[in-house]
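Below is one structure, written out as C-alpha cells; the observations come after it.
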Protein chains: 2
Amino acid sequence: MKLLKHTVDHIKEVLIDATGEIQAKFNTFAIPRGSLGRLEELATIYASIKGTVICTIKHKKIFTMAGDHGVAEEGVSTFPQQVTRQMVQNFIEGGAAINVLARHIGAKVIVVDCGIASHLESQPYLKIKKVGLGTRNMAVGPAMSREEAIRSIESGIELIEEELEDGIDIVGTGDMGIANTTPSSALLSVLGSMDVMSVTGRGTGLDDESLRRKREIITRAITVNQPNSNDPIDVLAKVGGYEIGGIAGLCLGAARYRIPVMLDGFISTAGALIAHAIEPKVNNYLIASHVSAEKGHSMMLKFLNKRPILDLNMRLGEGTGAALGISLIEAGVKLLHEMATFYEAGVSEPHGE
Amino acid sequence: MKLLKHTVDHIKEVLIDATGEIQAKFNTFAIPRGSLGRLEELATIYASIKGTVICTIKHKKIFTMAGDHGVAEEGVSTFPQQVTRQMVQNFIEGGAAINVLARHIGAKVIVVDCGIASHLESQPYLKIKKVGLGTRNMAVGPAMSREEAIRSIESGIELIEEELEDGIDIVGTGDMGIANTTPSSALLSVLGSMDVMSVTGRGTGLDDESLRRKREIITRAITVNQPNSNDPIDVLAKVGGYEIGGIAGLCLGAARYRIPVMLDGFISTAGALIAHAIEPKVNNYLIASHVSAEKGHSMMLKFLNKRPILDLNMRLGEGTGAALGISLIEAGVKLLHEMATFYEAGVSEPHGE
C-alpha cells in the first residue's frame, strides 16, 4: 500500500497547453491554421504532459499484461484457459499481432505475467509479476483479496519504475487473459453505474445463448460480492483481474513520472477506470488509441471523456490499438518538432494576418 | 491521347479476395476471427490488387502535385497565389508537414510542378510536368483546353511509369495549389450532380462573406462553361486544374500497373472522380486514407463508395492524410505476412472449431 499511496500523492495535475505556447508554435507553421486537426491536438497533449514544447518520442514501450480468471470455468469465453499461457509464449517468440505492430512502429513489447494460472520461467522478454495462479471465480466469491488487488496495482507501478533508467517516453497498455471481458464489463457496470445488459458484449465471439449466460454470471458476481462502488480497490478485488489491476498501476505509475499513456481497448480502459477512480488527476495522462468493437468500450471512453483516435472495428487487445495510436501521436509530435515556420520557409501569410 | 487510351485499355478489374485465399490465411492466425477489423480489410485490398497473398510494401511514394489556378484572382482563397510556389520550395527543402510525415512512415516524396504560375528549375526532389503557367480563370471561360486536360492526365501516368524501375509498391496522392478547393468543388458538383451550395466549403479558412462569393464564382464557372458531365475530360478542362488532372493520371497509371493508390483529401479525391469517370474499373485500386474537414469530401467518398480509414479533422492536403493511411495499410499487410498461425504458435483453437 505504501508504493501505491506514495505514487498517488505525487501525481500532478496536467493542464493542457496552460501557457498557450504550444498553440502559438503551431500558429507559426506554414499551414492554414488548425489544418492538422487532431494531430495538433495529440501533440499538444503530449507536450503538455512533458511540460515542454520541445519534445520527441524515442522510447516507446508497450506492456502486454497477462492474467487468468477463475470465472473462465463458467464458460464465458469461446477459448480454453490455457490459451492465455500459449499466447504469452507466442508474444515471447514474436509471432503475435502485437509483435508485428510494435516492430512496425519501433516500440518494445514487455510481456508481463500478472497472474497466469500456471508457473512460467522468467525470460528475456517476459517479466514475472505474479500475484496469484489466476483469480478465483467471481461468480461465487471475490476474485481476489484486497491485498492482492493492491499488489496487482503496485506491480504496474513497479514496471514503470523499472523502465525509467532505460528510458520511457510513452507507455502503451495491452492485455491477454481468457475471459477478461467478463471482469471488465463488471467493473464498468459497478464504477459507471450502468446496467449489466448494456455493458456486456460478445468478447472473442460468443453466440446469443453464451452471451445471455455471460450477463447472468456478471449479474451474479455483482450480487454475490456487493462491491463498494466508492472504493475502487474493493471493486477490483471483488470483480476485477490481476492484469486489469496491473494496467491501473501502469496508468498511475506513468502519471507520477509525467509519462503519457496510450490506452488500448476494453480491458485496458477497465484498468484506466480503476486508476481514474483512485486518482482523477490521472485522466489527463491517458489517451484513447481506438474504440473497440466490444460493446462496452465506447461507454467507458465516454465515461472518461475520451475521444478515440481510431475506429477500425478491432477487438483483439494485446496492445494492438495502442501501437497504432502511438504511431499517430508520434506523427503529431514530430510535426511540432520539425516543421518550418512561415518565416523560415519564406511563405506568405494569409491575407489580413 | 495515345498514352491515356493505352493506359485505360490495360486496366484490369480487381476482384477483392476472389479465391478466398486471403481470408483463409487470416483464419489460420492465432486470434479470434475478425478481431483485427479494418486492418484485415486493408491487407485484403492490398493483396487482391497485387494478386498474391504473399506481399510486402517496400517502396512507398507520395506525389505532391502542384498547380496554380486562374480563379485565384477572384479572391476565393485566404492565401496569395505565390504561396503555391513558396510551398513547393518548402517541400523541396523538407520543412513541410508532408516531409515530416513521409519521413515518419519511410516514404519518398516526389514534388511535381504540374502547372505553377511561374518557372521553376528542375531539382533533385522536383519533377517538372508543367502543362501551363497556371490555369485560366474558370469564372470567365474554360480553365484549360481539352488538349491541356489530356496532357495533365498523361503527365500523371508518366510519373508512375518513371518510377517503375526504381520500384513502387504503393502510391500516395497529394496536392498543393492556392484556390484548388474551388475547382474541386466544381468538379464534384458537375460529376456528382450535386448543388454548388452543399459541395462548397471554407478551404483554408474563408469567412462567411468570402464563402458566399466562392459559391457564386463556382456557379458562374459552371454556367459560363457548361461542362458536359458525361465527358470527364471536358469537365476537367472547363472547371478543373492541372494538378487535379495529374492526380487522375496517377490513379489511372497506378491501376494499369496494379499498384494501390492511397488517396489524400478533397483535391486528391476530385482527381479520383475524374479517373473513375474515365474508367470505373479504377475504383478498386483506390483507398481513402481519411475524411477531410473540408465540407464536400465526405460526399465525394460516398459517391465513390469509399469508407475512410481515418477521421482526424485534417484539411491540409500535401499528401498528409495519405501518409498516415499508408502506414496503416502497411500495418495490415505486415500482419498478413508475419503473424504466426494457431498451429505454429501452439495455440488452442476456440471451442467447437
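The values are calculated or read from the model by the stated rules, or taken from the named source; none is laboratory data. Since the model is a prediction, treat every value here as computed from it, not as a measurement. All Cβ positions, even for glycine, are placed from backbone atoms using ideal geometry, and neighbour counts span all protein chains on display. Calculation scope for accessible area: heavy atoms of the full protein, side chains included, ligands and nucleic acids excluded. Shrake-Rupley method; radii C 1.70, N 1.55, O 1.52, S 1.80 Å.
Are any of the pairs A:K5/B:K334; A:K25/A:K281; A:K61/A:K130; B:K50/B:K214 more than 31 Å apart by Cα-Cα distance, and if so, which? Spell out each step's value before the answer.
Numbers: A:K5/B:K334 43 Å; A:K25/A:K281 26 Å; A:K61/A:K130 20 Å; B:K50/B:K214 42 Å.
Long pairs (Cα-Cα over 31 Å): A:K5/B:K334; B:K50/B:K214.
Can you compute the modelled spin-label distance between A:R103 and B:T56, with each label point 7 Å from Cα toward Cβ, in nm?
So the two model labels end up 0.9 nm from each other.
What list of ³J(HN,Hα) couplings, whole Hz, do you get for region B:11-18 from phi and the Karplus terms 6.51, -1.76, 1.60, once you set θ to phi - 60° and write x for glycine and proline?
Karplus-based 3J(HN,Hα) across region B:11-18 equals 7, 9, 4, 9, 9, 7, 6, 4 Hz.
Just how large is the dipole of chain A about the Cα centre, in debye to the nearest 20, putting +1 at every Lys and Arg Cβ and -1 at every Asp and Glu Cβ? Walk me through the numbers on the way to the answer.
Numbers: 35 positive and 41 negative charges, 78 e Å.
Result for chain A is approximately 380 debye, rounded to the nearest 20.
Normalised radius of gyration for the protein assembly as shown, please: alpha carbon Rg relative to 2.2 N^0.38 Å, two decimal places.
Values: Rg = 26.7 Å, N = 706, 2.2 N^0.38 = 26.6 Å.
Compared with the compact-globule rule of thumb, the protein assembly as shown sits at 1.00.
Hey, any idea what the orientation-averaged projected area of the convex hull of chain B's Cα atoms comes to, in nm²? Intermediate values should be presented prior to the final figure.
Numbers: hull surface 71.0 nm².
Orientation-averaged projected area of the Cα hull: 17.7 nm².
If you put +1 on each Lys and Arg Cβ and -1 on each Asp and Glu Cβ, how big is the dipole of the protein assembly as shown around its Cα centre, in Debye rounded to 20?
Working: 70 positive and 82 negative charges, 128 e Å.
Charge dipole of the protein assembly as shown: 620 debye, to the nearest 20.
Restricting to chain B, what percent of DSSP beta bridges are antiparallel, rounded to 5?
Details: 2 of 25 bridges.
Here the antiparallel bridges make up roughly 10 percent for chain B.
Could you give the accessible area per residue of region B:266-320, probe 1.4 Å, as a whole number in Å²?
Working: 1680 Å² over 55 residues.
Here the per-residue accessible area is 31 Å².
Report which residues of region A:54-101 become buried by 50 Å² or more of accessible surface when going from the isolated chain to the complete set of protein chains (1.4 Å probe; DNA, RNA and ligands ignored).
Residues meeting the cut-off: A:F79, A:Q86, A:V100.
Give a quick list of GluC sites (Glu not before Pro) in region A:1-110 that DSSP marks as loop, anything other than H, G, I, E or B, with at most 12 other Cβ atoms within 10 Å. Spell out each step's value before the answer.
Working: sites: A:E13, A:E21, A:E40, A:E41, A:E73, A:E74, A:E93; in loops: A:E13.
For GluC sites (Glu not before Pro) across region A:1-110 that sit outside H, G, I, E and B with at most 12 neighbouring Cβ atoms in 10 Å, the list reads A:E13.
Tell me what the protein assembly as shown gives for mean residue ellipticity at 222 nm when only DSSP H runs of n ≥ 4 count, each as -39,500 (n - 2.57), the sum divided by the residue total, rounded to 500 deg cm²/dmol. Numbers along the way, then the final one.
Numbers: 30 runs with 334 residues, N = 706.
Computed mean residue ellipticity for the protein assembly as shown: -14500 deg cm²/dmol.
Put simply, what bits of region B:300-326 lose 50 Å² or more of accessible area when the other protein chains are there, versus the chain on its own (1.4 Å probe)?
SASA drop of 50 Å² or more in region B:300-326: B:L312, B:R315, B:L316.
Taking the Cα centre of region B:163-282 as the origin and placing charges on Cβ (Lys, Arg +1; Asp, Glu -1), which of B:G205, B:L263, B:N228 is farthest toward the positive end of the dipole?
B:N228
Rolling a 1.4 Å sphere over the protein heavy atoms, what is the accessible area per residue of region B:41-188, to the nearest Å²?
Heavy-atom SASA per residue in region B:41-188 reads 32 Å².
Let me check against my output: what whole-number percent is the relative contact order of region B:39-135, with C-alpha pairs under 8 Å and at least 6 apart?
Details: 117 pairs, mean separation 29.9, N = 97.
Contact order relative to length: 31 percent.
Once amide H atoms are built 1.01 Å from N in the peptide plane, which residues 5 or more positions from A:D17, or in another chain, come under 5 Å H to H?
Correct list: A:S48.
Starting from the amide H of B:L310, placed 1.01 Å from N in the peptide plane, find each other amide H under 5 Å away whose residue is 5 or more places distant or on another chain.
B:H290, B:V291
Count, for each residue of B:103-110, the Cβ atoms from other chains sitting within 10 Å of its Cβ, then give me the mean as a whole number.
On the way: counts 2, 10, 3, 0, 0, 0, 0, 0.
Taking the mean over all residues of the peptide, I get 2.
In whole Å and largest first, what semi-axes does the C-alpha gyration tensor of region A:63-124 yield when each eigenvalue is scaled by 5 and square-rooted? Walk me through the numbers on the way to the answer.
Numbers: eigenvalues 108, 36, 17 Å².
After scaling each eigenvalue by five and taking roots: 23, 13, 9 Å.
If you roll a 1.4 Å probe over the protein assembly as shown with all protein chains in place, what percent of the accessible area is carbon or sulfur?
Here carbon and sulfur together make up 50 percent of the probe-accessible area.
For A:H6 and B:Q123, what is the calculated FRET efficiency with R₀ set at 56 Å and r taken between the beta-carbons, to the nearest 0.05?
Details: r = 58 Å, r/R0 = 1.04.
The pair A:H6/B:Q123 has a calculated efficiency of 0.45.
Please list, in chain and number order, the residues 5+ apart from A:G172 or on another chain whose amide H is under 5 Å from its amide H, with Hs placed from the backbone.
Hits under the 5 Å cutoff: A:K61, A:I62, A:F63, A:M262.
Please compute how much accessible surface disappears when B pairs with A, both sides summed, using a 1.4 Å probe, and round it to the nearest 100 Å². Each step should come with its number before you reach the end.
Numbers: alone 14400 and 14420 Å², together 24360 Å².
When B and A are taken together, about 4500 Å² of accessible area is lost.
What's the magnitude of the charge dipole for region B:127-267 around its Cα centre, counting Lys and Arg as +1 and Asp and Glu as -1 at the beta-carbon? Answer in Debye, nearest 20. Before the final figure, lay out each step's value.
Details: 15 positive and 20 negative charges, 121 e Å.
Charge dipole of region B:127-267: 580 debye, to the nearest 20.
Are there any residues in region B:187-204 with a reduction of at least 20 Å² in accessible surface when going from the isolated chain to the assembly of protein chains? Probe 1.4 Å, please list them by number.
Buried by 20 Å² or more upon assembly, which counts only protein chains, are B:T204.
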